[in-house]
Amino acid sequence: MKFIQFNFRNPTGDATAVYRRIGELIAGVDPFTRESVIAHLGEPEGTTTTRQNTIFDAYRVGRQRVLFYWDADDLSPLTIVVGRKA
């Protein structure tokens with residue numbers, strides 16, 4: 001498996017039900033905002049703004065690459081993608 005993707009606006013709305021590792025990454029982050037994630041995980045390795053009005057922050061957690069996608073207007077969470085180094 002190359003990556004796991006969790007969309008915040010999915011029907012279940014529960015990150016830990018989708019993939020336990022996401023729950024471990026965001027445990028203790030409340031409220032779940034871009035600022036609280038940066039405070040919890042530190043500054044991202046890279047930050048990119050896309051043409052679709054989305055910001056994504058890239059982190060390396062162990063051997064996994066983790067991307068957090070945020071709405072550029074209000075910085076609300078959109079998607080978390082957890083990939084494994086091949």
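A few comments on the model shown:
- Residue that is farthest from ASP30 (Cα to Cα) [pool: residues in region 41-86 that are surrounded by fewer than 17 Cβ atoms within 10 Å (Cβ to Cβ) and of a type in the set (Asp, Glu)]: GLU45
- Extreme residue, modelled with the highest pLDDT, among residues of region 54-82 that are of a type outside the set (A, V, I, L, M, F, W, C) and not in a strand (DSSP E or B): ASP73
- Within region 55-73, being polar (S, T, N, Q) and under 17 Å from GLU35 (Cβ atoms) holds for no residue.
- Looking only at residues in region 17-38 that are more than 13 Å from the chain's Cα centre (by Cα) and part of a loop (DSSP other than H, G, I, E, B), the one that is modelled with the highest pLDDT is PRO31.
The values are calculated or read from the model by the stated rules, or taken from the named source; none is laboratory data. For clarity, every value in this text was computed on a predicted model and none was experimentally measured. All Cβ positions, glycine included, derive from the backbone under ideal geometry; neighbour counts span all protein chains shown.
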